[in-house]
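The values are calculated or read from the model by the stated rules, or taken from the named source; none is laboratory data. What you are looking at is a predicted structure, and each value in this text was computed from that prediction instead of being measured. Note that each Cβ is placed from the backbone with ideal geometry, even for glycine, and that neighbours are counted across all protein chains shown. All accessible areas refer to the heavy atoms of the entire protein, side chains included, with ligands and DNA or RNA removed. Shrake-Rupley method; radii C 1.70, N 1.55, O 1.52, S 1.80 Å.
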Amino acid sequence: MNKPLDLPVDAAVPQVGPVVGTSRVHESAALHVSGEATYIDDIAEAQGTLHAALGLSPVAHGRLLSIDLALLKKQPGVVAVLTALDFPGENNCGPLLHDDPILAEGDLRYLGQPVFAIIATDRELARRAAGLAKSAIQFEALEPVLTAEAAHALSQYVLPPMHLTRGEPQAELARAPYRLDGEWAVGGQEQFYLEGQISYALPQENRGLLVHCSTQHPSEMQQLIAKAMGWQAHQVQVQCRRMGGGFGGKESQSALFACVAALAATKLRRPVKLRVDRDDDFQITGRRHGFDYRWQVGFDDAGHILAAEVDLISNCGHSADLSAPVMARALCHFDNAYWLPHVAMHGYCAKTNTQSNTAFRGFGGPQGALAIEMIIDSVARRLGLDPLLVRQRNFYKSDGSGQDMTPYGQRVEDNIIQPLTDRLLETSEYAKRREEITAFNAASPVLKKGLALTPVKFGISFNVVHLNQAGALVHVYTDGSVLVNHGGTEMGQGLNTKVAQVVAHELGVGLNQVRASATDTQKVANTSATAASTGSDLNGKAAQDAARKIKQRLATLAAKLLGGAAEDVRFGGDHVHANGTRMPFTELVSKAYFERIQLWSDGFYTTPGLHWDRAKLQGKPFYYYAYGAAVAEVLVDTLTGENRVTRADVLHDVGQSLNPALDIGQVEGAFVQGMGWMTMEELVWHPKTGMLSTHAPSTYKIPTANDSPPDFRVALYDQPNRADSIHRSKAVGEPPLLLPFAVLLAIKDAVAATGPARCDPHLRAPATAEAVLDALAGH
Ligand code: MTE
Ligand code: MOS
């Protein structure tokens, strides 16, 4: 286990000394565990609150003929039934394209699509009436397209194909001494946030609306509600104190629920809450895109990749949603940590009659990088080399050889993959354990062990330049206490804690002096989604900017009062230091108030130096890269296919950590979440009806505490970010999700131990017991 962290026991004790860079408890930790943390369903209900439930399409594809409104309206407790026709504005909540009806109109696109909304006096009655969807909806059934493969065969896409090519892959493939090709697939993944989708809309005076929404993107919710209502944005206030997890699932897909609650509240002039049941959440919302791959690779006898060509086919579901940026990120991460001299990638966004897939931690990056990891593993096995060696030989170099250019034209300038891997190999005793495992396997006919190391290189920034901006507000009250508000949202990742640390550091006060408040479209306007792991990079810098403006005004006053120059005034230890003397921060603040000095400020930040040509897929989309590597050891029962991780060693790069405790938490959480995707989380749609049969925890299994590695050693690679990020830290939210690729490849390693030399087992992901048995049978 990890060594215990230095956590302050009592947050009320004034904390002197550095705030940034130290392990601090999550600002809501005590509230989370005591149940005091307010999630949206915990907000005291206003008098007259009504409850909404959605009636879902019973068919994967069809023409909507009619809805028996009379039947629905006469159900007990029902106050209103709303359909697509009730939206005064646009019946659409597509985040990028306008191809996402809020409620079905004309056609039925997937089994589970919301067709009507029941508004009733209580939630149970609303759900019961909504449950009559099967009898209330008349439709003409059409043939559904249920798999990406089938859609690809029909060239049925939500977006035009994307191509990213460097060099002459076809010519180099033909010339390469060795060639391999194959097909492979990885399944999707359900976000499984513990708090399901929820919105609570309260009508305000003069055609205004307050919406409490569990969302990663309050500004977009505001815009989409306004569009659906035919309003101006200033009529809609969206607020989110925290989410019980988002993981990408509440970046765009909170909109449908927000729009329905908003419409109902406005039409009925009553507060309306829409909290979706878990099964409905599964049936209605999309998740991580499953990907199919068709690949070809050419290499030499040392395992150097000379050329590669790959088709990446994502299952997008019925609409585009965020599938374009997800595919763009997949294409920009196929290289992972490797120099691919000649490469062609073709991204196809398949349109199917299923839920519309969306953001999920890594945002396509994992699906891109996983492909090259599997390919390199196959290359190594075909050559009879340790896959580690082949990985190292193909790493991006920083030796002036020119092997540092990504296929999309960004130079890898901050490359630390080689030294990071070297350190991990040492601390994890890879070589020694590799020998032990070989010996173990030779003597153990049924139980087999496997070992693998995989690296991560993950680009940080939104691939769309204009999204890389953030705003913040810092208020210093006359008693010296500080409130910070920023455009990011808190979903458990600790963003508010980090931003509060940054502000406390600037003003030289203890962390207990700073409080973060709910994200609110009336405080910071036009915010980007809290996504792409950029939350603390962007909002931390914006809050720092705001705090510095206040600090400057205070420094001028301090110099006037204490003597010396304003530039020499220092803030620290709850005091202001100038001219060899000091004054308590609170005293200076009080004096500033009487001097009529503005004690609050806004702040703003834009990431410098980014450019991106979306048509050519070329430019500098990332401010910097985050790196990491993991070594996983697994045990596989070759009779049952059962498998488990027995030990995992992780070394992960967060630059100079803002808060090591939170960062290690993010690494551990992402590792276990990615491990779930790689080993146990399996989505099954009925092949004929298109019904998602794994729509609840009874059939869809996410890892529990017991599944996390019993021996789990997570360390941070403590080196400042080369880029001028907030206190030289690096984003941490998503990159570590790619670390557990090592688990999948360790399982493959164990399976390979049962076969002849140089065998390359075909193991699909997730590597469930069934998948492992199939791979074993394939020898
Ligand atoms: N951690 C927790 N506890 N809950 C979450 O929902 N979402 C992840 C990651 N870590 C998530 C999380 C995703 S998908 C992203 S993009 C980042 O957090 C977003 O937050 P950040 O930008 O502040 O890191
Ligand atoms: Mo995270 S998938 O960018 O919300």
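Structure summary
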| item | result |
| --- | --- |
| For segment 762-770, Karplus couplings with θ = phi - 60° (6.51, -1.76, 1.60), whole Hz, Gly/Pro x | 9, 10, 8, 10, x, 7, 6, 4, 5 |
| Probe 1.4 Å, protein heavy atoms only - accessible area per residue of segment 475-628 in square angstrom | 40 Å² |
| Where Arg241, Arg433 fall by accessible area, highest first, once all protein chains stay in place (1.4 Å) | Arg241, Arg433 |
| Cα-based shape type of segment 682-773, given that a ≥ b ≥ c are square roots of the gyration tensor eigenvalues and the cut on a/c is 1.5 | oblate |
| Residue list for segment 182-212, given a label point 7 angstrom along the Cα-to-Cβ vector of Gln232 and an amide N cut-off under 16 Å | 205-209 |
| Amide H contacts under 5 Å for Glu642, placed H, 5+ residues apart | Asp637 |
| Cα-centred dipole magnitude for the chain, charges only on beta-carbon of K, R (+1) and D, E (-1), debye, nearest 20 | 1120 debye |
| Percent carbon-and-sulfur accessible area, segment 647-741, ignoring ligands, DNA and RNA, probe 1.4 Å | 54 percent |
| For peptides 657-666, 258-267, sequence by mean Cβ density within 10 Å, most packed first | 258-267, 657-666 |
| 26 Å Cα-Cα threshold exceeded, pairs from Lys397/Lys498; Lys227/Lys267; Lys250/Lys351; Lys74/Lys273; Lys74/Lys688; Lys273/Lys541 | Lys397/Lys498; Lys74/Lys688; Lys273/Lys541 |
| Solvent-accessible area per residue for segment 282-396 (1.4 angstrom probe, square angstrom) | 15 Å² |
| FRET efficiency for Asp568 and Ala302, using Cβ-Cβ distance with R0 set to 56 Å, rounded to 0.05 | 0.40 |
| Peptide ranges 44-55, 215-226 listed from the most packed, as the mean C-beta count within 10 angstrom indicates | 215-226, 44-55 |
| Reachable lysines from Lys620, criterion Cα separation under 17 angstrom, eight or more residues apart if same chain | Lys457 |
| Isotropically averaged projected area of segment 607-651, using the convex hull of Cα atoms (one quarter of hull area), nm² | 6.2 nm² |
| Difference of contour (0.36 nm per residue) and Cα-Cα distance, Arg728 to Ser481 | 86.3 nm |
| Residue-averaged [θ]222 nm for the chain, counting only DSSP H segments that reach four residues, each worth -39500 (n - 2.57) | -8500 deg cm²/dmol |
| Cβ-placed point charges (K, R +1; D, E -1), dipole of segment 235-378 about Cα centre in debye, nearest 20 | 1440 debye |
| ³J(HN,Hα), Karplus 6.51/-1.76/1.60, whole Hz, each residue of segment 726-742, x for Gly, Pro | 4, 6, 6, 8, 10, 4, 10, x, 9, x, x, 5, 7, 4, x, 4, 4 |
| Estimated inter-spin distance, Asn526 and Ser708, nm [label 7 Å along Cα→Cβ] | 4.1 nm |
| Nearest-20 debye value, segment 686-757 charge dipole, Cβ charges on Lys, Arg, Asp, Glu | 180 debye |
| Cut-off under 5 Å, modelled amide H: who pairs with Lys250 long-range | Gln216 |
| Segment 490-631: C-alpha gyration tensor shape, a/c 1.5 cut-off, then a/b vs b/c | prolate |
| 1.4 Å probe accessible area per residue over segment 104-251, in Å² | 41 Å² |
| P(r) tail fraction, segment 300-452 - alpha-carbon pairs more than 22 Å apart, % | 53 percent |
| Protein accessible area in segment 516-628, 1.4 Å probe - carbon and sulfur % | 49 percent |
| Amide H contacts of Trp612 (H built 1.01 Å from N, under 5 Å, at least 5 apart or other chain) | Lys620 |
| Cβ-based charge dipole, the chain, positive-most Cα from Gly368, Thr421, Ala308 | Gly368 |
| Additional length obtainable on full extension of the chain from Lys134 to Glu429, 0.36 nm per residue less Cα span | 100.3 nm |
| For segment 395-431 versus segment 222-250, the gap between their alpha-carbon centres in whole angstrom | 41 Å |
| Kirkwood-type radius of the chain, with distances r between different C-alpha atoms, in Å | 27.5 Å |
| Carbon + sulfur, % of accessible area of segment 392-444 - ligands and nucleic acids excluded, 1.4 Å | 50 percent |
| Table column - 3J(HN,Hα) (Hz), segment 177-194, Karplus curve with 6.51, -1.76, 1.60, x for Gly and Pro | x, 10, 9, 9, 9, x, 10, 8, 8, 10, x, x, 7, 7, 4, 6, 3, 6 |
| Whether segment 153-309 is rounded, prolate or oblate, judged on the alpha carbon gyration tensor where a/c under 1.5 counts as rounded | prolate |
| Order of exposure, largest accessible area first, which applies to Tyr430, Tyr157 with probe 1.4 Å | Tyr157, Tyr430 |
| Spatial separation of Cα centroids for segment 76-147 and segment 649-719, in angstrom | 33 Å |
| Selection from Met243, Leu256, Leu274 lying farthest towards where the dipole of segment 225-310 points positive, charges on Cβ | Leu274 |
